[in-house]
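The values are calculated or read from the model by the stated rules, or taken from the named source; none is laboratory data. What you are looking at is a predicted structure, and each value in this text was computed from that prediction instead of being measured. In this analysis, Cβ positions are derived from the backbone assuming ideal geometry, glycine residues included, and neighbour counts consider all displayed protein chains.
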Amino acid sequence: MRESDNSLNDLPTPEASTISPQDSSEKGEDSPKRKKTIKTVLKIVKLLVFLLIVAWIARQLQKSWTEIVQYKWSPQYGWLTLSALLYLLAFLPSASFWFLSLRWLGQKPNYWLAIKSFYFSQLGKYIPGKAMVVLIRSDMISGPNVRAGIAAVSVFYETLTMMGSGAFIAALIVLCCFREHWFFSCLALGVALVSLIPLTPPVFIKILQILRIGKNDPHVQESLKRLKFSCLIKGFFLMTILWLFFGLSLWSAILGLGLTPQPLLIALPRYISVVALAMTLGFAVPISPGGLGIREAVLSALLIPYFTLILAEPSNADWIVSPEATSTIVSLVQRITSILAEIGFVALVFLGSTVSKCFANKRDDALRQ
C-alpha cells in the first residue's frame, strides 16, 4: 500500500499494517518450498533432455550398424576398442586447455570437475545447433569458484581453438603432402582463416561484444582482459596432441577392419589431416548434429585414394570390398566407436559417482552411530 502526502485516506490503517506471526511464518516457509520445487523441475528437465539425447544417439547407432552389416568384413574388436580409447584420450588436451582457459579468465575450477563437465557435454553436440554443449558444460562447472557467464565464454574460446587448429593443421598437411585434394585444401584454409582470426584476443573480445555475450556482466568484461596471445600458443600446442590422437584412432579403426595399412609413420600425416578436416567441416555446419553426414562424407572422399592404394597390396588380397565401400565402412565404424566411447565414459563416471556417494553416506551414518 502506497503512502500519499495529499490524502489521509491513503494512509495504512492499523488493521492493514498489522502482520500476524502466523502469516509471517507461512511466507517464510513458502520460499524454501518454491526453491525446492524449482530445483525438482530443473532436474526433471535435465533428465528428459539427457534421455532424448541418448534416444537419438541410439537411433543413429542402429542406422549406422544397419548400413555396415550390408558389407562382408571381419571386425577386430581389440583394435576397435583401442580406437575408442584413443578417441577418448584425444579430448583430454582440449579439456585441459578449457580448464586453463578458466584459470586465465580468473576462475578457480576443480580440474576433475572440469574434465567431467567437458566429457559429459560432448553428448550435447548431437543436438542440432550445438548450443547444448555450452549449456551442459557451463551448468556443470559453475559454482562458488566459477561464474556461469565466464564458463560459457571459455567454452567458445576452447571450441574455436580446437577447430581453428584442426583446420590449419589439415590445410598445411594436405597442401604439403596431398595437393591433388585442392578442393578440400581450399575448404580447410577457409575454415582456418574463419576460425583463427576470431581467436586473437582483441578480435575475440570484439566478437563477444557484438554478440552481446556477457555484456551486462562486469566480471566477464574484466576477465576477458586477461587473455593473451600466449594463451593461444599454448592452446595450439595442446590441440596438436589432440589431432595426433585422433589420427591414431583412425589408424586403429582401419586395423579393426582386418586390413593391413601403410606403416604408421608414413600414413599418420594422412590420418591426422583426414580426421581434422572431417571434424572441422562437420563442426562448421551448425544444423548437423555432431557433424553427422558431413564428417562421414569428407572421410569417405579423402580415404578412397588411400584404400585404392593399400587394397592393391598382397597383404590385403582377401579383402573383397571396393575402395569406395571400404571408406564408407571406416567412416561408419569411426562414428559408432566414438559414440559408444562417449556414452561408455559418461555411464562409468555416473555409476562411479553414484557408488561413491552411497559409500560416503553409509560411512557418515556409521560415524553418527
- Over segment 134-149, the set of residues surrounded by fewer than 24 Cβ atoms within 10 Å (Cβ to Cβ) and either farther than 19 Å from residue 123 by Cβ or hydrophobic (A, V, I, L, M, F, W, C) (or both) is 134, 135, 140, 143, 144, 145, 146, 147, 148, 149
- Task: Report yes if residue 172 is more than 22 Å from residue 98 (Cβ to Cβ), assigned to a helix (DSSP H, G or I) and at pLDDT 75 or above, otherwise no.
- Result: yes
- Just give me the residues in segment 184-226 being assigned to a loop (DSSP other than H, G, I, E, B) and modelled with pLDDT of 75 or more, in sequence order. 200
- Query: Can you name the condition, by its number, that residue 122 falls short on among (1) at pLDDT 85 or above; (2) surrounded by fewer than 22 Cβ atoms within 10 Å (Cβ to Cβ); (3) closer than 22 Å to residue 244 by Cβ?
  - Reply: (2)
- Check on residue 359, aromatic (Phe, Trp, Tyr) and modelled with pLDDT of 80 or more: no
